[in-house]
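Take a look at the structure set out below.
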């Protein structure tokens, strides 16, 4: 009889232990299921956020491309209008095909405009000398060449602090006059990689726009004075045969035209 009681007590003890073990196992399974559900939910939310981010980036890229195309069209219209004025002027000068053209003042300007441009030259030379920069005189006007190294980091169109200082110096000279300005962006021939821009053409255009916006937004120059062009790798100063030459080709050029607004 005593042995039977011992046996029953042992069986009860085993039964209790099994029930407790089952309960712990069940709780563990429930915790795993909850954790898995939450992980899946978080992953799903991350995927949705990434999709929305990608969609917004596509919209921004489309808007940037449209703005660049608009600027290119404006530049082409400006060139056509300038050509029409030139042809009209030739026609008004009269004469047949045998007429001898009288030489024009430098850069196609009148004498008064040339005197005005001389003032621009003097002030620009003084301002650029402080930055160890210079300008080149062409038939169009005065061309300031700014290397990438002082304006942007590689693959970026955001002006660095030093670049803003240089652009501000040029803007300070432009504020004193009314000449039209063309800003041109250039790159080397290395394909774009790990950048938000799909091509060198887009990067060069975005950089030219950044310089123009700095002059308009930060220095209050009229936007109507500016035209912007991105020429990518297609107008190099030198061949892209080595790193030094490629660095020379990565640049932004500011052209102060003889024509006034």
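Only the coordinates and a few stated rules stand behind these numbers; no lab work does. Here the structure is a predicted model, which is why all the values come from computation and not from measurement. Positions of Cβ are generated from backbone atoms using ideal geometry, with glycine treated the same way; all protein chains shown enter the neighbour counts.
Any residue in region 172-182 that is part of a helix (DSSP H, G or I), out of contact with any strand residue (DSSP E or B) (no Cβ under 9 Å at 6 or more places or on another chain) and surrounded by fewer than 20 Cβ atoms within 10 Å (Cβ to Cβ)? Yes: region 172-182 contains one or more residues that are part of a helix (DSSP H, G or I), out of contact with any strand residue (DSSP E or B) (no Cβ under 9 Å at 6 or more places or on another chain) and surrounded by fewer than 20 Cβ atoms within 10 Å (Cβ to Cβ). Identify, from the list 142, 131, the residue that is over 18 Å from residue 232 (Cα atoms) and touching a strand residue (DSSP E or B) at 6+ places or on another chain (Cβ under 8 Å). Sole residue among the options that is over 18 Å from residue 232 (Cα atoms) and touching a strand residue (DSSP E or B) at 6+ places or on another chain (Cβ under 8 Å): 142.
Here residue 233 meets each of (1) part of a loop (DSSP other than H, G, I, E, B); (2) under 18 Å from residue 144 (Cα atoms); (3) touching a helix residue (DSSP H, G or I) at 6+ places or on another chain (Cβ under 8 Å) with one exception, condition (2).
On inspection, residue 190 does not qualify as farther than 17 Å from residue 160 by Cβ, assigned to a strand (DSSP E or B) and more than 16 Å from the chain's Cα centre (by Cα). Of the residues making up region 222-261, not one is under 14 Å from residue 205 (Cβ atoms) and over 20 Å from the mean Cα position of the chain (by Cα).
Of all residues in region 226-248, those that are in contact (Cβ under 8 Å) with a residue 60 or more places away in the chain have Cβ atoms under 7 Å from Cβ atoms of residues that are in a strand (DSSP E or B) and surrounded by 19 or more Cβ atoms within 10 Å (Cβ to Cβ), 6 or more apart or on another chain, in 227/182; 228/183; 229/182; 229/184; 230/185.
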